[in-house]
Amino acid sequence: MLDWEGLFKRYVWDDRTTPYLVPVARLNRRQADSEILAYSLFMGVLFSVVALGAMSEMTPLGRSPVAGFYAFTVVCACLLLHYTKAVPAALYLGTAPLVGLGYVAVAGRNAGRDPIDSAIVAAILIVLAWYSLRLVNLARRYPNLPESDAAPPRRRLFK
């Protein structure tokens, strides 16, 4: 019999590997690496699709080399953040949801899309913009984070 609760905790919500609600001050480098990897993968895949789509005539605004180049630079920033934990890369990634909101505002009217669809996409982008603040804070504090999650030695009650 499968242990669904254990699998959920291991792969979806485990404070050691997916510490999204743990304050940045309490994280260690392993947790920070996991969080940065997940964000970089999500944003990298999303903006890879945007970069490829911008080369097509099938997008709402047509072929857009500027959007494709911007999406490519976001993918590069994802790689840079993952490997170097650089604050400028985190700041640059923080602009991506804001640019996406601008695109939804401009293309949402011209795409023939329902307003509710645009509202859902805008809500997701607002959450990503809010989360990017945490990512910038994480990149700033990364050099001072402890190496492992080993608990400090406990004090003995009796000697």
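The values are calculated or read from the model by the stated rules, or taken from the named source; none is laboratory data. Everything quoted here is computed from the prediction, not taken from an experiment. Reconstructed Cβ throughout: ideal geometry from the backbone, glycine too, with neighbour counts over all protein chains shown. Protein only, heavy atoms only, side chains kept; ligands, DNA and RNA dropped before computing areas. Shrake-Rupley method; radii C 1.70, N 1.55, O 1.52, S 1.80 Å.
Compute the distance in nm between two label points, each set 7 Å from the Cα along the Cα-to-Cβ direction, one at residue 147 and one at residue 30.
Computed distance between label sites residue 147 and residue 30 equals 1.3 nm.
Rolling a 1.4 angstrom probe over the protein chains, ignoring ligands and nucleic acids, what is the accessible area of residue 3 in square angstrom, nearest 10?
Residue 3 has an accessible surface of roughly 100 Å² with all protein chains in place.
Given a Förster radius of 25 Å and the C-beta distance between residue 106 and residue 86 as r, what FRET efficiency does 1/(1 + (r/R0)^6) yield to the nearest 0.05? If you can, show how the numbers build up before the last one.
Numbers: r = 30 Å, r/R0 = 1.21.
According to the calculation, E is roughly 0.25.
Rounded to two decimal places and with Rh computed the Kirkwood way over Cα pairs, what is Rg over Rh for the range 49-133?
1.00
Would you mind putting 67-77, 22-32 in packing order, based on average other-beta-carbon counts within 10 Å, highest first?
The peptides rank, most packed first, as 67-77, 22-32.
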